[in-house]
Structures are given as C-alpha cells and as structure tokens.
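Following: one structure in structure tokens, then a few remarks.
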C-alpha cells in the first residue's frame, strides 16, 4: 500500500473575513484524498508567525511532506526573507 503524503496547509491573514480562501485550500486537498493539517497565522511579521514556525519544524522533522499555500507571499513579501524561510 502506498504511503499517503502528509500535507500542511499554511495560510496567513490579517482578517478573519478571508477564511473562505482557507476553505478552498482544504477542499483542494480533500479532492485529492489528502488529509491536511492546518497552520493558520492571523498577524504579521516573521517573528510573530507561530504556526509558520511550527509548520517548518514539522517539515524538518519529516512529519509534513507537502506544503499547500495560497500564495508565496503568505510566507513573506521580501525575497530575501522568503529564501531564508524556505532554505
């Protein structure tokens, strides 16, 4: 039996009104028969993103195989910051 990939959905918003986008990401994963873990941050600034840090730790510890996000800007809007987060 093929091992199911472990999927994390990361979503960052500053408004709870944007939760429909998160729902669409969940539907996307479930349509592909994936059971995602949700990592949600409702604030800004890299230092304040506890869920992002938790997700990255899960990836480093091989507990998450795939990350789904709406936009790379959810990680950071600065290229140098994005590079340091993902590398």
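The values are calculated or read from the model by the stated rules, or taken from the named source; none is laboratory data. Note that the structure is predicted; figures quoted are calculated from it, not measured. A quick note on method: Cβ atoms are made from the backbone with ideal geometry, for glycine too, and the neighbour counts reach across all protein chains shown.
Assorted remarks:
- Meets criteria (farther than 30 Å from residue 2 by Cβ and modelled with pLDDT of 85 or more) for residue 13: yes
- Residues (surrounded by 15 or more Cβ atoms within 10 Å (Cβ to Cβ), at pLDDT 90 or above and in a helix (DSSP H, G or I)) located in the stretch 54-84: 54, 55, 56, 58, 59
- Test result for residue 35, touching a strand residue (DSSP E or B) at 6+ places or on another chain (Cβ under 9 Å), more than 20 Å from residue 86 (Cβ to Cβ) and either surrounded by fewer than 12 Cβ atoms within 10 Å (Cβ to Cβ) or in contact (Cβ under 8 Å) with a residue 60 or more places away in the chain (or both): yes
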